[in-house]
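The values are calculated or read from the model by the stated rules, or taken from the named source; none is laboratory data. Since we're looking at a predicted model, the values are computed, not measured. Positions of Cβ are backbone-derived with ideal geometry, glycine not excepted, and every protein chain shown enters the neighbour counts. Just so you know, the surface numbers come from the protein's heavy atoms only, side chains and all, with ligands and any DNA or RNA stripped out. Shrake-Rupley method; radii C 1.70, N 1.55, O 1.52, S 1.80 Å.
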Amino acid sequence: MAEARLPERIRVSTGSAIVLGLLRGRLDAKPTTIYLLTYRDEKCSANCGFCPQARTSKGRADMLSRVTWPPFPTRQVLSRIKRVAKTHAIKRVCIQALNYPTVFDDILSLVGEIGSRVKVPISVSCQPLNREKMKMLAEAGVDRISIALDAATEEIFDKIKGKLVGGPYVWERQREALRDAVKIFGEGSITTHLIVGLGETEEEIVQMIQWCVDLGVYPGLFAFTPIPGTPLENSPQPSLSNYRRVQIAHYLITRGKTRRENMIFDGVGHLVDFGVSEEELWHVVRTGEPFVTSGCPGCNRPYYNERPGGPLYNYPRQPLPEEIREIERQIGILCPKSFRSSE
Ligand code: SF4
């Protein structure tokens, strides 16, 4: 059955295609997850303002965020995944899905075909599905599901991907789908995406991170990236100091080291106190861990938000010591000498 419905073609992120040997190229950082994107001739039926795949976007149809996604025959991609998975070079496969009427069948058949070839955790990143469909995905072997909130507040959500741009998404329905997903997949097995830099304050996005964590949903952080041909093509990326502060808050909250209520924000919503001791804060900064890509386990999304030459919003690997020193400068708070392990 699944065999019959298998879509003929599928898009593969350029980095993943190189890992799979479908394209030749040099990679500064190899993706540890194979990223697939459902293929169709038309654009997505949703209309998210940041997305080149959106219904009214004039952006390139082979792009998602900064990454290009050339299409390949699905069977060829599946056999390469099987071959490369044997070498343990991949930790996860992520199926990212556009919004169109038959997308669920495409996802389900892809999950079945991958699962019949390799034992690798599969993430599905898709529109909110009803409970029955989510159960079918869980039964088919999907490890994690991701339903993107993207925005930190309802107002921004409506403006960027909801009713104000003719999008099908409704804030409360999106949050309800996350609640349902937790019931079906279990706490800690759900991901959402949050984009920093869509006009929210640090206080608002930290509030949303805490909401996700309290629900049992893990939020993966993205930096807004302007893509030519989208309505937001001329909007700026978030400043690095803004992004770093949110990354630190995200790390502390998702690791249960503090909560949003313990943090202090200034009059314009900037984080000024993370709700942990200075010593703990600087210890955490110096591990470099808050600045590594966040999302499903094994997802490092190299260069989704940044040029390979940097600056890197999300590090696809552990940052180097000199990069951590640079991050300390970007955060805009001076690390007291007494907390520095080496100078
Ligand atoms: S966090 Fe990574 S693996 Fe998970 S859904 Fe998002 S892009 Fe896919």
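Tally up the residues in the range 1-23 that are free of Cβ contacts under 8 Å to residues at least 24 places away in the same chain and within 20 Å of the chain's Cα centre (by Cα), please.
Adding up the residues that qualify gives 1.
In this structure, is Ile205 in contact with a strand residue (DSSP E or B) (Cβ under 8 Å, 6 or more places away or on another chain) and at pLDDT below 95?
Against the criterion (in contact with a strand residue (DSSP E or B) (Cβ under 8 Å, 6 or more places away or on another chain) and at pLDDT below 95), Ile205 does not qualify.
Just the residues that are closer than 20 Å to Asp214 by Cβ and without any contact (Cβ under 8 Å) to a residue 40 or more places away in the chain, please, taken from the range 265-280.
Passing the criteria: Phe274, Gly275, Val276.
If only one of Ser123, Ser109 is of a type in the set (S, T, N, Q), more than 19 Å from Val165 (Cα to Cα) and surrounded by 22 or more Cβ atoms within 10 Å (Cβ to Cβ), which one is it?
Ser123 is the lone residue from the list that is of a type in the set (S, T, N, Q), more than 19 Å from Val165 (Cα to Cα) and surrounded by 22 or more Cβ atoms within 10 Å (Cβ to Cβ).
Where in the range 37-140 are there strands (runs of 3 or more DSSP E), lying fully within it, with 3 or more residues that are more than 16 Å from the ligand (Cβ to nearest atom)?
Details: elements: 71-73, 92-96, 122-125.
It comes to 71-73.
From the residues in the range 249-263 that are within 20 Å of the chain's Cα centre (by Cα) and surrounded by fewer than 23 Cβ atoms within 10 Å (Cβ to Cβ), which one is farthest from the ligand (Cβ to nearest atom)?
Top of the filtered list is Arg255.
Cβ-Cβ distance below 7 Å, separation of 6 or more or different chains: which pairs start in the range 24-42 with a residue that is over 21 Å from Val103 (Cα atoms) and end on one that is within 13 Å of the ligand (Cβ to nearest atom) and part of a strand (DSSP E or B)?
Thr33/Arg92; Thr33/Val93; Thr33/Cys94
Gly188 passes all but one of (1) farther than 20 Å from Gln96 by Cα; (2) open to solvent by 40 Å² or more (accessible area, probe 1.4 Å); which number fails?
Going through (1) farther than 20 Å from Gln96 by Cα; (2) open to solvent by 40 Å² or more (accessible area, probe 1.4 Å) one by one, Gly188 breaks only (1).
Which residues, taken from the range 281-300, are assigned to a helix (DSSP H, G or I), open to solvent by 20 Å² or more (accessible area, probe 1.4 Å) and either within 16 Å of the ligand (Cβ to nearest atom) or under 22 Å from Arg144 (Cβ atoms) (or both)?
Result: Glu289, single match.
Answer yes or no as to whether Ile195 is within 16 Å of the ligand (Cβ to nearest atom), closer than 24 Å to Arg66 by Cα and either without any contact (Cβ under 8 Å) to a residue 12 or more places away in the chain or surrounded by 22 or more Cβ atoms within 10 Å (Cβ to Cβ) (or both).
Taking the combined requirement at face value, the residue satisfies it.
Identify all residues within the range 144-155 that are open to solvent by 10 Å² or more (accessible area, probe 1.4 Å) and more than 16 Å from the ligand (Cβ to nearest atom); write none if there are none.
Of everything in the range 144-155, those that are open to solvent by 10 Å² or more (accessible area, probe 1.4 Å) and more than 16 Å from the ligand (Cβ to nearest atom) turn out to be Thr153, Glu154, Glu155.
Can Val182 be described as under 17 Å from the mean Cα position of the chain (by Cα) and in a helix (DSSP H, G or I)?
no
Just checking, does the range 8-21 include any residue being at positive phi and more than 14 Å from the ligand (Cβ to nearest atom)?
For the range 8-21, residues at positive phi and more than 14 Å from the ligand (Cβ to nearest atom): present.
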